[in-house]
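In what follows, a single structure is set out as structure tokens and then discussed.
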């Protein structure tokens, strides 16, 4: 074998050895695929495809059942998008919402406090309490005799102060109790006096309206007799026919106003609201009639005489109309004066009763404060008195127990929080948030909100009636005459609510032309298509699409169902279950660290919100590779 061949064979052996060494060193090498936990604005959407259809009419209903407390619109009203149209009675839910929000705030504050641990101030307080307890223990025997004398004196004085305040004997009434009695008497007198004034003025206004309405009727009858008098028809307002036209038109208006006023006076006038409503109709009838009478007088002024209608007849008519004008003017003044008197009486009642109530409340508060203060002083004095005989034998032991308790509290304050306590408190936060979200959703379901601009065409219920879930309470037509019908699967339908914002693209115009809309209707009954359950959803366009819409166009609707801003989010695939907890593996300085997390909103792109457990800057492991291969 030649020297050259030996060199070649030796080189090949060296290369083979190096290759096998490299393969052995790289075997089972693990590579981690990671991503950063970061703060983002997390969006949850549902995307479906449907077709454009003409809108005939939108039926609006509550998502829940209950008694209707408010209806804000009538048939023919124009409404705008997101305007509240009707509400169910939700007084109980509003109270529950406040309570749920308070529970969220409390649970979060407790979690923050638990995570933060004891502050320097809390440790200082605990240490001070321990020092104080130690000093009290050491000085208990020394203070015994002094306490006996002090408690006896305090009890005597406290008893005297308390007896003075609670006594109802006229000869021993305290200043604070006298003030309450006087304030109550003043309030009762004010209510009686000023309510009598309101009642008198209410009766006076009702009497005035009843007595003056015939004056209005008589004046209007006088106008009617003149404009329909056969003898004057060819002579009336011949110099200026416009006065006759004004007389006829104002007579028609006054006749209608008089009819409305007469109906109002036939109803109940026992409330201020009814009186005010009736007064508006009566004063309008009087003013309209006064105007008609004056136009009639102007028509007479513009009339001519003839052989069939003498100057004396004309003057008699003018005198009659002038008299009615004067009577109407007096009636209007009397009505206005009577109404002003009632308004003054109402104002006087509110002002004087409010002042008297405030004075009584203040007097009661002063008395309660004084009684509480003296009762506390008496209780403290009695406690000291009862302890006099036993304090000598028990106070040393008591101070020892206090010292032990202060020591235990100091140890507890300085100890770190347990992981079990933190996990439990985080669960309490999540539970409180879920309860609040449930109540908010119930409040939304108790309102009917206009999905778009439009006009109300039907109102099927009245305030006080019981509405059932899914039944049409009212109907409307939109300013835009088209809508999109889509089918949403049962897995996504729970995310949708009426009023959700929708981004819309049409195949005919491309993805660059994005329109907006709102969910206007969610059908409560299911539709089964090829064995899969769907729910029909309608989407209305926002005003001003800027393009020509046609029936049958294919549309893609992207519905925003939830959004949270500035939250920590990571890929959903990075979260796994372990012992009933949600965990995430992080890479810290090349080592894997497992962290327990609480999850929130599941968003688009496979991302999920992290409520607790991460700070937002961790390196999250999403998968691993061994020798370049993902297991």
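The values are calculated or read from the model by the stated rules, or taken from the named source; none is laboratory data. Not measured: the values here are computed from a predicted model. Positions of Cβ are backbone-derived with ideal geometry, glycine not excepted, and every protein chain shown enters the neighbour counts.
Odds and ends about this structure:
- Residue 255 being modelled with pLDDT of 95 or more, under 14 Å from residue 222 (Cβ atoms) and surrounded by fewer than 21 Cβ atoms within 10 Å (Cβ to Cβ): yes
- Selection over segment 56-81 of residues that are assigned to a loop (DSSP other than H, G, I, E, B) and at pLDDT 85 or above gives a count of 7.
- For residue 605: the one exception among (1) closer than 30 Å to residue 469 by Cα; (2) touching a strand residue (DSSP E or B) at 6+ places or on another chain (Cβ under 9 Å); (3) at pLDDT below 85: (1)
- Qualifying positions in segment 330-357 - over 30 Å from residue 180 (Cα atoms) and either out of contact with any helix residue (DSSP H, G or I) (no Cβ under 6 Å at 6 or more places or on another chain) or not in a helix (DSSP H, G or I) (or both): 330, 333, 336, 337, 340, 343
- Reported count of residues in segment 558-602, each being touching a helix residue (DSSP H, G or I) at 6+ places or on another chain (Cβ under 9 Å), free of Cβ contacts under 8 Å to residues at least 40 places away in the same chain and outside any strand (DSSP E or B), is 1.
- Failed item in (1) under 27 Å from the mean Cα position of the chain (by Cα); (2) surrounded by 13 or more Cβ atoms within 10 Å (Cβ to Cβ); (3) modelled with pLDDT of 85 or more, with residue 445 passing the rest: (3)
- Of everything in segment 608-631 that is under 41 Å from the mean Cα position of the chain (by Cα) and not in a strand (DSSP E or B), the residue that is modelled with the lowest pLDDT is 616.
- Residue count for segment 111-121 under the criterion of being under 14 Å from residue 432 (Cβ atoms) and in contact with a helix residue (DSSP H, G or I) (Cβ under 6 Å, 6 or more places away or on another chain): the result is 1.
- Residue count for segment 82-105, restricted to those that are in contact (Cβ under 8 Å) with a residue 24 or more places away in the chain and part of a helix (DSSP H, G or I): 8
- The strands (runs of 3 or more DSSP E) found entirely in segment 471-531 that carry 1 or more residues being surrounded by fewer than 12 Cβ atoms within 10 Å (Cβ to Cβ) are 510-522, 527-529.
- Residue check, residue 222 assigned by TED's automatic domain parsing to the domain that holds residue 348 and in contact (Cβ under 8 Å) with a residue 12 or more places away in the chain: yes
- In this structure, residue 299 does not satisfy being touching a residue at least 40 places away in the same chain (Cβ under 8 Å) and out of contact with any helix residue (DSSP H, G or I) (no Cβ under 8 Å at 6 or more places or on another chain).
- Taking the criterion of being under 23 Å from residue 214 (Cβ atoms) and touching a residue at least 40 places away in the same chain (Cβ under 8 Å), the residues of segment 302-327 that qualify are 317, 320, 321, 324, 325, 327.
- Within segment 233-240, one or more residues are within 30 Å of residue 322 (Cβ to Cβ), surrounded by fewer than 20 Cβ atoms within 10 Å (Cβ to Cβ) and either free of Cβ contacts under 8 Å to residues at least 24 places away in the same chain or under 48 Å from the mean Cα position of the chain (by Cα) (or both).
- Odd one out for residue 304 among (1) in the same structural domain as residue 209 (by TED's automatic domain parsing); (2) part of a helix (DSSP H, G or I); (3) more than 30 Å from residue 194 (Cα to Cα): (2)
- Residues considered: 251, 243, 295, 279. Of these, the only one that is under 30 Å from residue 342 (Cβ atoms) and in a helix (DSSP H, G or I) is 279.
- Cβ pairs under 7 Å, 6+ apart, first in segment 440-460 and free of Cβ contacts under 8 Å to residues at least 40 places away in the same chain, second not in a strand (DSSP E or B): 460/472; 460/473
- Count of segment 402-458 residues which are over 30 Å from residue 80 (Cα atoms) and not in a helix (DSSP H, G or I): 4
- Search result, residues across segment 264-276 that are in a helix (DSSP H, G or I) and in contact (Cβ under 8 Å) with a residue 12 or more places away in the chain: 264, 265, 272, 275
- Among residues that are under 30 Å from residue 520 (Cβ atoms), assigned to a helix (DSSP H, G or I) and either over 33 Å from the mean Cα position of the chain (by Cα) or at pLDDT below 80 (or both), residue 127 is not included.
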